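The values are calculated or read from the model by the stated rules, or taken from the named source; none is laboratory data. What you see is a predicted model; the values in this text were computed from it and never measured. Because the Cβ atoms are built from the backbone with ideal geometry, glycine has one as well, and the counts that use them run over all protein chains shown.
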Amino acid sequence: MKTVILGGGLTGVTLARLLNERQEDTLVLEAQPHIGGLCRSVNIEGFTFDSGGSHIIFSRDKEVLGFMHSVLSDNIGFRNRDTKVFYKSKFVKYPFENGLSMLPKEDTFYCLNEFIRTLIENEKGEGNKPETFKDWIISNFGKGIGELYLIPYNEKIWKCKTEDMSLHWVEGRVPSPPVEDIIRSAVGIETEGYTHQSVFAYPVNGGIEALIHAIAEPVKDSIQTEYIVKSIRKDGKNWIISDGEKTVYADSIISTIPLQSLIPCLEDVPLEVKDALANLRYNSLVSVFIGLKGETSPYSWVYIPGKEDGMMHRVAYLSNYSTNVAPPGYSAILAEITFNEGDEVSSMNDTEIIANVIESMDKLNFINKENVVFSGSAREPYAYVVYNLQYEENLKVVKKFLKLLGIPLVGRFSQFEYLNMDACIRSVMDYLKERPVKVADQE
Ligand SMILES: Cc1cc2nc3c(=O)[nH]c(=O)nc-3n(C[C@H](O)[C@H](O)[C@H](O)COP(=O)(O)OP(=O)(O)OC[C@H]3O[C@@H](n4cnc5c(N)ncnc54)[C@H](O)[C@@H]3O)c2cc1C
């Protein structure tokens, strides 16, 4: 009984490991020369950068968190989160609503006043039921916090108007604060938000990719890299998979690759499915790597909602995750920029993007460009699922087709959901609970 797992990112290697623990025979097929997907890291000139953007280990899910911590064994460090929002040239505490007293007084008043006004409206039952992400922001936080931070930040990262986004994904991802915390933070009493992330873990050595290698260790001989799955056919009960040169046979398959990579591999895909797939939106990412002489700011990462402050929406200070990501006396920084094919960022080459980001960061005094000793970049075509208003409808059509074919979908772009690492591992665990052990014996 052989199961082929399509894709060797976090989800694929976790599936292989846990199936192996059940004595099931697996083979992972990964397109790239290295496993890891979005959790890859690059080591260049003594610096380590996470090429799919800044990654930290955190979770509310104790079982999954325990799994990630335990596989890393000694190669793990813990840090207190010290994250800011860069707003009107100030570093405001994150989440923004926990830093209200740090805003200019007029803005603090606007945020608090609008928050209370919305709260009263909701209590009286006068507020409209939110139908879009923008409605949800305003009805949970008020117009002030919405207009000053949440809307511009979200529109910068999603490259999509918040009124064109659905809201069913936000719970647990966009933190909703207790009322008392907003009032406390507005008058200057220290509060913490998003507390399950206030202490996070990160590998001491090797960047986030070290987590992938630690998970993959017992199954590394069952992984084939540089195998781009190009066609998948079913012949009776068997699956026939090919990269155009080499054929692989399987009794069952599990896909962890993006739907946009999977569907073109299949035969006789109905037009309706192709159309639905074409309308599923996602964002790509450029990560800009900066190696700096000397120390950087003490922050973990900084959100940058203002378009005028540069094209990057977030800057992460990787040396504050682990000092080993840079040679002694140097620091590693990573800036993230989302883009879509055809937009302004996609028309720029990497050299232009790097120069633009360094210039912006120098202007904001995040860095002194004279101290830059290394720069580089990486692109990820599939970085963020964008929950537009047609998302649910389109995804249903695609998933129904794949369910009929018998291809289980596990993972971020396979389920086409905003899943963090913990949620991917949770999906694997939940999928395996449903999957009969030793399928072959039961047939
Ligand atoms: C900017 C950013 C920051 C993030 N930060 C965090 C964080 O701080 N903490 C956290 O928990 N999560 C974070 N995440 C989420 C995390 O990256 C994902 O949850 C996780 O990496 C998804 O793993 P996956 O295996 O499902 O998908 P992927 O990593 O996308 O893996 C899919 C794999 O399939 C392969 N593939 C694609 N097509 C084919 C093909 N035709 N044939 C063979 N192989 C193929 C790809 O090469 C890839 O290796 C972040 C994500 C982004 C984009």
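Is it the case that the stretch 144-163 has a residue that's of a type in the set (Gly, Ala, Ser), farther than 25 Å from Lys307 by Cα and free of Cβ contacts under 8 Å to residues at least 60 places away in the same chain? No, there is no match, as no residue in the stretch 144-163 is of a type in the set (Gly, Ala, Ser), farther than 25 Å from Lys307 by Cα and free of Cβ contacts under 8 Å to residues at least 60 places away in the same chain. When every residue of the stretch 2-22 is checked against the conditions, at least one turns out to be more than 16 Å from the ligand (Cβ to nearest atom) and either touching an Asp or Glu at 6+ places or on another chain (Cβ under 8 Å) or farther than 30 Å from Ser261 by Cα (or both).
When the strands (runs of 3 or more DSSP E) confined to the stretch 37-145 are screened for residues that are within 15 Å of the ligand (Cβ to nearest atom), those reaching at least 3 such residues are found at 76-80.
Contact annotation: residue pairs with Cβ atoms under 7 Å, 6 or more positions apart or on different chains, pairing a residue in the stretch 1-20 that is in contact (Cβ under 8 Å) with a residue 60 or more places away in the chain and of a type in the set (Gly, Ala, Ser) with a partner that is outside any helix (DSSP H, G or I) and away from the ligand (no atom under 14 Å from the Cβ), are Ala16/Thr26.
Being crowded, with 17+ Cβ neighbours inside 10 Å, touching a residue at least 24 places away in the same chain (Cβ under 8 Å) and in contact with a Cys (Cβ under 6 Å, 6 or more places away or on another chain) is not true of Ile182. Just one residue in the set Asn113, Asn122 is farther than 20 Å from Leu167 by Cα and without any contact (Cβ under 8 Å) to a residue 60 or more places away in the chain; that residue is Asn113.
Provide a single number: the residues in the stretch 312-358 that are assigned to a loop (DSSP other than H, G, I, E, B) and in contact (Cβ under 8 Å) with a residue 40 or more places away in the chain.
Total satisfying the criteria: 11.
Just one of the listed residues (Glu171, Glu217, Glu226, Glu190) is more than 19 Å from the chain's Cα centre (by Cα), loosely packed, with under 13 Cβ neighbours inside 10 Å and at pLDDT below 95, namely Glu190. Can you spot a residue in the stretch 391-400 that is more than 25 Å from Ser284 (Cα to Cα) and of a type in the set (Ser, Thr, Tyr)? For the stretch 391-400, residues more than 25 Å from Ser284 (Cα to Cα) and of a type in the set (Ser, Thr, Tyr): absent.
Does the stretch 312-331 include one or more residues that are within 18 Å of Glu380 (Cβ to Cβ) and hydroxyl-bearing (Ser, Thr, Tyr)? Checking the stretch 312-331: not a single residue is within 18 Å of Glu380 (Cβ to Cβ) and hydroxyl-bearing (Ser, Thr, Tyr). Taking the stretch 207-305 and the helices (runs of 4 or more DSSP H) fully enclosed by it, the elements with 2 or more residues that are within 11 Å of the ligand (Cβ to nearest atom) are at 209-216, 259-262. For the stretch 24-36, a tally of residues being more than 9 Å from the ligand (Cβ to nearest atom) and not in a strand (DSSP E or B) returns 2.
Among all residues of the stretch 419-437, there is at least one that is among the acidic types (Asp, Glu), away from the ligand (no atom under 15 Å from the Cβ) and farther than 23 Å from Lys161 by Cβ. Considering the conditions (1) in contact with a helix residue (DSSP H, G or I) (Cβ under 9 Å, 6 or more places away or on another chain); (2) modelled with pLDDT of 95 or more, Leu404 is excluded by exactly one of them, (1). Looking at Gly146, is it assigned by TED's automatic domain parsing to the domain that holds Lys105, modelled with pLDDT of 95 or more and of a type in the set (Gly, Ala, Ser)? Answer is yes for this residue.
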